[in-house]
Structures are given as structure tokens and as C-alpha cells.
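The values are calculated or read from the model by the stated rules, or taken from the named source; none is laboratory data. What you see is a predicted model; the values in this text were computed from it and never measured. No Cβ is skipped: glycine too gets one built from the backbone with ideal geometry, and neighbour counts run over all protein chains shown.
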Amino acid sequence: MSAYKKVHVTTTINGEQVDFLCEPRHSLLEVLRDSLGLTGSKEGCNNGNCGACTVILNGRPVDSCLVLSAEVEGAEIETVEGIACNSNLHPVQQCFLEGAALQCGICTPGFLVASKALLEKDPDASEETIRFDLSGNLCRCTGYDKIVRAVQAAGQQMREI
Amino acid sequence: MAPKSVSEVVAVLSEQGDRAKLLAGGTDIIVQLREGLREADVVVDIKKIEEVTSFNYCPENGLSLGSAVACYNLYEHPELSKLYGALADSTHIIGGWQIQSRASVGGNLCNASPAADSIPSLIALNAIAVIAGPKGERTVAAEDFCTGPGRNVLENGELLVSIQIPAQCSNSGSAYERFIPRNEMDIAVVGVGSWVKLAADGTIADARISLGAVAATPLFAEQASAILIGKEPNEEVFSAAGELARQIATPISDMRGTDEYRSHLVSVLVKRTLITAVERAQN
Ligand code: FES
Ligand code: FES
């Protein structure tokens with residue numbers, strides 16, 4: 001059946017046009033990691049609960065494990081690999097590092113992508129908003145406090161720029 | 001495949017029957033397919049179809065909401081979020097932010113979970129499902145759409161095209177609240193949607209209450225809604241409605257809560273959502 005016929009997809013990832021072939025059942029996460037070598041996005045649950053696979057799709061944060069790769073034809077995608085500007089870390093990356101907002105690190109790429117999207121929307125976000133908007137990202141190590149502080153610190157830096 | 005028109009989808013669905021599954025936001029169907037809960041030979045992405053992905057509001061006809069419109073469009077919209085408070089409440093708590101970027105109200109309705117967060121709001125707001133199929137178009141009231149857990153009225157070849165919600169006036173208001181043990185990202189133990197319209201003298205001119213997670217399908221609490229009509233909006237009346245609503249609830253006991261606890265929650269949430277709905281109607 002058509003399930004085995006490969007689909008050709010053209011999309012933009014981190015500002016560059018990318019072409020790939022995929023099976024219709026492949027998720028965006030699988031294509032990013034296995035075909036394109038962009039292993040920054042992590043697979044935590046593969047069912048939309050943990051947010052480790054978060055990417056920005058056409059300006060909105062989504063779980064890439066819940067997007068079919070064939071759906072991203074013509075889309076704009078930003079992954080964690082595209083967050084830093086050349087060798088300059090993005091404020092969220094810098095603040096996560098400085099604030100030790102990670103332990104094992106598997107949740108971190110997802111948090112970075114979601115936090116950046118959140119702060120771009122509202123660099124002034126309150127602790128409550130940060131906690132609510134990041135509720136689709138799970139972390140089993142840090143207890144969240146350091147993550148929330150890091151996001152607040154990054155927000156402050158972004159306001160000052 | 002990603003057809004561009006409703007009629008193409010109807011044709012595929014008629015031909016493939018159960019072997020074709022529709023893809024809107026994908027937040028339920030992709031998981032169900034991956035986990036083997038549902039099977040498909042063809043997945044039909046309906047997001048290239050204008051009628052299904054657009055929404056518009058006009059004061060005469062109300063809101064026409066394409067079935068694949070993602071949740072965030074409702075709660076982020078400055079006017080719609082006020083006009084349809086209950087729906088804004090629901091869409092803001094379905095999953096997390098990432099899910100809300102993709103998941104649609106139409107998908108939530110079709111998925112027909114007894115605990116779905118948007119369905120009580122749709123019922124309270126008197127929404128109507130517009131269905132296209134091989135025999136043309138038909139409409140079904142939101143409270144009649146679900147037929148059991150995970151089951152709905154859609155027949156072979158049919159798809160949900162849009163949801164029509166009546167226009168709101170300045171003296172109507174609605175609210176949805178659910179009870180969950182966590183702060184967010186959880187499935188409702190009980191969910192309640194309420195809608196009220198106030199008369200010029202401040203009494204309740206019309207009301208609709210709907211309950212989620214207390215029966216095999218979300219329920220319209222008809223009697224509880226009816227006793228509010230003509231009354232002053234106050235705690236006593238709201239409690240009476242809560243009691244009546246509780247009587248139609250036939251909840252189960254599971255790890256999320258016992259049946260007794262759920263029944264108790266019904267009366268509490270009916271009261272709370274009515275208070276919010278009336279406040280919103282007054283402002
Ligand atoms: S891997 Fe996608 S949400 Fe967990
Ligand atoms: S640092 Fe280990 S899960 Fe977050």
C-alpha cells in the first residue's frame with residue numbers, strides 16, 4: 001500500500017532549504033534525528049507528553065514526534081541546533097548553563113526551544129506564565145525551579161538587549 | 001495524502017472505509033496509530049482544505065469553526081476568547097503549549113473521549129457539528145455527536161467539516177472548569193461547562209450546563225439548566241442546579257477518583273462555572 005511509497009519533502013530547517021525522502025508514517029522527529037542527523041531534538045516518550053522533541057513549526061512550538069514528516073512540505077522549522085547565532089549562545093542557552101538548569105540533559109533541548117518561543121512572545125513572562133507555558137515539557141531531574149529561574153534570567157537579558 | 005477539497009476526502013473515506021483515518025492536529029491519531037490502538041492504510045491530512053482550517057465570526061451567524069483549527073487560535077484571539085469564554089478556557093488547558101499549537105477542537109470532538117475538555121464547552125455553547133458525506137451535508141447537535149467512549153455519529157464516508165456556534169450578545173457569558181490532581185497537563189476527573197444569558201433585569205434568561213467525565217459521553221444537563229431560567233443568579237440557585245446536575249451523572253470509579261467523589265465534584269464545578277459565567281455576562 002501507499003504506506004511504503006516514499007514521499008519527497010522540501011522544507012526549511014534553521015534557515016536552510018532541506019530536501020528529504022520519507023515514509024508517510026515517519027514522524028518529523030524520526031526524520032530530523034535519523035535522516036538529517038539533527039540529533040539535538042530528543043525522543044523522550046514519543047507520544048506528546050514530555051516535550052523533549054519540541055521544535056518550532058511555522059512559528060509555533062510543537063512536539064515533533066506528533067508531526068508526520070510529510071506534513072512539513074513548505075514549512076519553516078527551527079530546531080535547537082538553530083537557536084545559537086554562530087558561536088554566540090542564545091540567552092536561554094547561556095542562562096541554562098549559568099543557572100545549572102539541567103542535570104542529565106535529555107529534556108534540555110526541548111526546554112530551550114520552548115523557552116525561546118515563550119520569551120520571544122513575552123520576555124516579561126511571570127513565573128506563573130513560565131510554569132504554565134512550559135507544562136508540556138517534563139524534567140525528571142531538576143525539579144523545575146532552576147529551569148524557571150534560568151528562563152526568567154534569560155527574559156531579563158532579552159529585555160535589556 | 002493531502003486532498004484540497006471536502007469532496008475528495010468524502011470519496012477516499014467512502015472507498016477505504018475504516019482503513020482511512022483523518023489527520024488534523026495529529027495529537028491523538030498519530031499516538032493511536034503508533035500504539036496500535038487504531039490501524040490505517042491511508043492517513044488523510046485535511047489541513048490543505050480551506051473550509052476545515054479557517055474560522056470566522058459574524059454577529060448574525062456566530063462562529064464558524066473549521067474542524068482542524070488549532071486550539072491556540074481560540075484562546076489567543078482577543079475577541080473570540082471573550083465571546084466564547086468556555087471554549088477559551090477549554091482550549092487553553094488541552095495538553096500543553098505544544099499540543100495546543102496543533103490539536104483542534106474538531107479533533108477533540110471526533111475523538112469522543114468522555115473526559116474531553118472542549119466538548120462540555122461546545123454543548124454549553126449550543127454548538128452544532130456540520131458533517132459532509134456521500135449523501136450531502138447534515139448537522140448534529142454537539143450533545144448528540146458522541147455515542148460512546150471513542151465513538152461518534154460519523155458514518156462511513158463522513159467527516160466533520162466545521163462547528164457552528166451561535167452568536168453571543170453582550171449579556172451572555174460562559175466558562176469551563178475541570179478538576180485535575182495536577183496543575184496542568186492532565187485528564188479531567190470531572191469537567192463542567194456553563195453558559196448563561198442574562199435578561200435586562202439581571203435574572204437568568206437562558207442557561208446551558210454540560211458535564212464531562214461522568215458518563216460514557218459528555219452530557220447536557222437539561223433539567224439543571226432549566227431551573228435556572230427566570231431566577232436571580234445567586235449561590236442558592238447555583239447549588240440547586242449543581243444538585244440536579246449531579247443526579248444525571250453516572251460516573252465510574254477509577255484511579256482518578258471514586259464515583260462518589262466525582263458526583264461531589266459535579267455540584268462544586270457547576271456552581272463555580274456558573275459564578276464565572278454570570279460574572280463574564282455582567283462585564
Ligand atoms: S518525545 Fe515527543 S513529546 Fe515526548
Ligand atoms: S535534566 Fe534530566 S530530565 Fe531534565
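Values for this structure:
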{"read-out": "Residue count, region A:43-74 (criterion: away from chain B (no Cβ under 11 Å) and surrounded by fewer than 19 Cβ atoms within 10 Å (Cβ to Cβ))", "value": "1"}
{"read-out": "Any hit, region B:218-230, residues being surrounded by 17 or more Cβ atoms within 10 Å (Cβ to Cβ), in a loop (DSSP other than H, G, I, E, B) and under 15 Å from the mean Cα position of the chain (by Cα)", "value": "yes"}
{"read-out": "Matching residues, region A:115-161, being surrounded by fewer than 19 Cβ atoms within 10 Å (Cβ to Cβ), more than 16 Å from ligand 2 (Cβ to nearest atom) and of a type in the set (D, E, K, R)", "value": "A:E120, A:K121, A:D122, A:D124, A:E127, A:E128, A:R159, A:E160"}
{"read-out": "B:S54 surrounded by fewer than 16 Cβ atoms within 10 Å (Cβ to Cβ), small (G, A, S) and in contact (Cβ under 8 Å) with a residue 24 or more places away in the chain", "value": "no"}
{"read-out": "Test: A:F132 is under 21 Å from A:G48 (Cα atoms) and more than 13 Å from the chain's Cα centre (by Cα)", "value": "yes"}
{"read-out": "Residue within region A:89-104 that is of a type in the set (G, A, S), under 15 Å from A:N137 (Cβ atoms) and either in the same structural domain as A:D124 (by TED's automatic domain parsing) or in contact (Cβ under 8 Å) with a residue 12 or more places away in the chain (or both) present", "value": "yes"}
{"read-out": "Selection status of A:A114, in the same structural domain as A:D145 (by TED's automatic domain parsing) and either β-branched (V, I, T) or within 14 Å of ligand 1 (Cβ to nearest atom) (or both)", "value": "yes"}
{"read-out": "Residue pairs meeting the criteria (Cβ under 9 Å; at least 6 apart or on separate chains; first closer than 18 Å to B:V196 by Cα, in region B:230-254; second assigned to a loop (DSSP other than H, G, I, E, B) and hydroxyl-bearing (S, T, Y))", "value": "B:G230/B:T203; B:K231/B:T203; B:E232/B:T203; B:P233/B:T203"}
{"read-out": "Residue count for region A:1-52, restricted to those that are part of a helix (DSSP H, G or I) and aliphatic (A, V, I, L, M)", "value": "5"}
{"read-out": "Which numbered condition A:C53 misses (of (1) within 16 Å of ligand 2 (Cβ to nearest atom); (2) of a type outside the set (F, W, Y); (3) touching a residue at least 60 places away in the same chain (Cβ under 8 Å))", "value": "(3)"}
{"read-out": "Helices (runs of 4 or more DSSP H) contained entirely in region B:46-144, each with at least 3 residues that are closer than 13 Å to B:V161 by Cα, among the polar types (S, T, N, Q) and more than 16 Å from the chain's Cα centre (by Cα)", "value": "none"}
{"read-out": "Hits in region A:90-111 (condition: surrounded by fewer than 21 Cβ atoms within 10 Å (Cβ to Cβ) and within 16 Å of ligand 1 (Cβ to nearest atom))", "value": "A:C104, A:G105, A:I106"}
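This table checks each residue for (1) closer than 16 Å to B:G212 by Cβ; (2) in the same structural domain as B:L219 (by TED's automatic domain parsing); (3) of a type in the set (S, T, Y); (4) without any contact (Cβ under 8 Å) to a residue 24 or more places away in the chain.
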residue: B:E79; (1), (2), (3), (4): no, no, no, yes
residue: B:N111; (1), (2), (3), (4): yes, no, no, no
residue: B:A116; (1), (2), (3), (4): yes, no, no, no
residue: B:P120; (1), (2), (3), (4): yes, no, no, no
residue: B:I131; (1), (2), (3), (4): no, no, no, no
residue: B:A142; (1), (2), (3), (4): yes, no, no, no
